[in-house]
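Engineer: My questions will all concern the structure given below.
The values are calculated or read from the model by the stated rules, or taken from the named source; none is laboratory data. Just so you know, these numbers come straight off a predicted model, no measurement behind them. A quick note on method: Cβ atoms are made from the backbone with ideal geometry, for glycine too, and the neighbour counts reach across all protein chains shown. Keep in mind that these areas ignore ligands, DNA and RNA; they rest on the heavy atoms of the full protein, side chains included. Shrake-Rupley method; radii C 1.70, N 1.55, O 1.52, S 1.80 Å.
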Amino acid sequence: MTLALYLTTKRKQLWLEHLQTLLPELRCRLWDDIEDPDDVLYVVAWAPPDGWLATFPNLKCVISIGAGIDHILQDRQRPNVPVIRTTGSDLTLRMREYICLHVLRHHRRLADTQSAQTKQQWENLVTPPAHQRQVGIMGLGKLGADAARCLSVIGFNVTGWAIKEHRITGVTTYSKNQLDEFLQGCEILVCLLPLTASTRNLLNKELFAKLPAAACIINAARGEHLVEEDLLEALDTGRIGHATLDVFREEPLPATHPFWTHPKILVTPHIASMIDPEAGGREIANNLKAFINGETIEDLTDPGLGY
Ligand code: GLV
């Protein structure tokens with residue numbers, strides 16, 4: 001019984017070793033070291049190439065190395081087997097840190113303070129207290145709901161929007177048809193949505209026009225949520241004040257891309273919540289054991305919905 005691992009990052013060997021230790025009953029192999037494709041029952045992968053999954057005729061499930069499954073679903077030849085994502089407290093806490101850090105950065109106008117420093121200007125920028133600042137989270141899955149709760153504990157006026165209805169203590173939530181209402185007061189908008197046909201390109205000029213003037217955007221979901229030209233235009237006109245972007249249509253972000261040098265954009269290289277081989281490996285092994293034993297898996301996705 002083989003578990004095939006598709007991962008092209010530097011840490012692939014570390015991942016393989018952890019998974020092999022946690023799942024001694026399986027033969028864990030990297031994608032370029034598969035002896036017998038018929039023996040591959042399980043795949044653990046990040047962005048496998050189109051058609052690769054279809055080379056395993058006895059595949060029983062695919063596990064995404066991460067919370068998103070769009071990089072698995074994009075393969076049209078993918079066999080119709082369950083897709084399990086990977087979440088867990090490590091991933092959630094890392095995302096919590098990133099979102100709180102960047103919301104606070106926008107809230108306290110840190111970019112303007114840094115810019116004043118470069119001119120040796122002593123500028124006391126006055127910012128309102130957190131309870132007078134509305135922060136909106138798009139996407140209220142595990143990561144979004146956790147970030148919303150933490151921002152509310154800090155004292156922000158937190159709202160949330162998702163396709164489905166959600167209830168989160170301390171957070172005013174909106175669903176599907178209430179997007180405009182949600183956007184109205186959002187001074188800092190955080191995108192943590194799954195990438196689906198209905199969320200692709202959602203961060204566009206029509207949406208920006210519904211936000212308060214000079215609102216800030218934080219995108220830690222997927223690059224395809226954002227229409228890049230619309231953001232550049234909105235930053236030029238002042239409709240959007242600043243943006244923090246962790247994800248891009250093309251990664252790594254090409255050296256000539258205008259986002260790199262834009263004074264109102266902070267670029268981070270898809271590090272908002274990087275999955276850790278030890279903690280992530282444990283989540284994957286536990287989910288796989290539950291799958292094999294026919295137990296309920298919280299991280300089981302609905303490929304029809306895309307999350
Ligand atoms: C990272 O982008 C993830 O899907 O967890």
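Engineer: Amide H of Tyr174: which non-local residues (sequence gap of 5 or more, or other chain) have their own amide H closer than 5 Å, using H built in the peptide plane?
Structural biologist: So Tyr174 has HN proximity to Gly160, Trp161, Ala162.
Engineer: Let me ask something else. Calculate, in nm to one decimal, what Asn177 and Leu101 gain on full extension: separation in residues at 0.36 nm each, minus their alpha carbon distance.
Structural biologist: Going from the current span to full extension adds 24.4 nm.
Engineer: Right, next: Largest first, how would Ser64, Ser152 line up by accessible area (1.4 Å probe)?
Structural biologist: Ser152, Ser64
Engineer: If R0 is 22 Å, what FRET efficiency do you get for Arg11 and Asn58 from their C-beta distance, rounded to 0.05?
Structural biologist: 0.20
Engineer: Something else about it: Could you list the trypsin sites (Lys or Arg not before Pro) in the stretch 138-185 that lie in coil according to DSSP, counting only those with at most 11 other Cβ atoms within 10 Å of their Cβ?
Structural biologist: Passing both the DSSP loop test and the Cβ count: Lys164, Arg167.
Engineer: May I ask for the angle, rounded to the nearest 10°, between helix 277-292 and the longest principal axis of the chain, with both axes built from Cα atoms and the value confined to 0 to 90°?
Structural biologist: 50 degrees
Engineer: Taking the solvent-accessible surface of protein heavy atoms with a 1.4 Å probe, what is the per residue accessible area of the chain in Å²?
Structural biologist: Each residue of the chain exposes 49 Å² on average to a 1.4 Å probe.
Engineer: Among the trypsin sites (Lys or Arg not before Pro) within the stretch 39-125, which fall in a DSSP loop and have no more than 15 other Cβ atoms within 10 Å of their own Cβ?
Structural biologist: Arg76, Arg108, Lys119
Engineer: Given the Cα-Cα distance of Arg249 and Arg76 and 0.36 nm per residue of separation, how much length would full extension add, in nm?
Structural biologist: Gain on extension, Arg249 to Arg76, equals 60.3 nm.
Engineer: Then there's this: I'd like the accessible area for Ile275, computed on protein heavy atoms only with a 1.4 Å probe and all protein chains in place. Round to 10 Å², please.
Structural biologist: 30 Å²
Engineer: I would also like to ask the following. Gln117 to Ile154: extension gain in nm, 0.36 nm per residue of separation minus the Cα-Cα distance?
Structural biologist: 10.6 nm
Engineer: What part of the accessible area of the chain, given as a whole %, is carbon or sulfur when the probe is 1.4 angstrom?
Structural biologist: On the chain, the fraction of accessible area on carbon and sulfur atoms equals 50 percent.
Engineer: Could you tell me which GluC sites (Glu not before Pro) in the stretch 234-288 are loop residues by DSSP with no more than 16 other beta carbons within 10 angstrom of their beta carbon?
Structural biologist: Glu250
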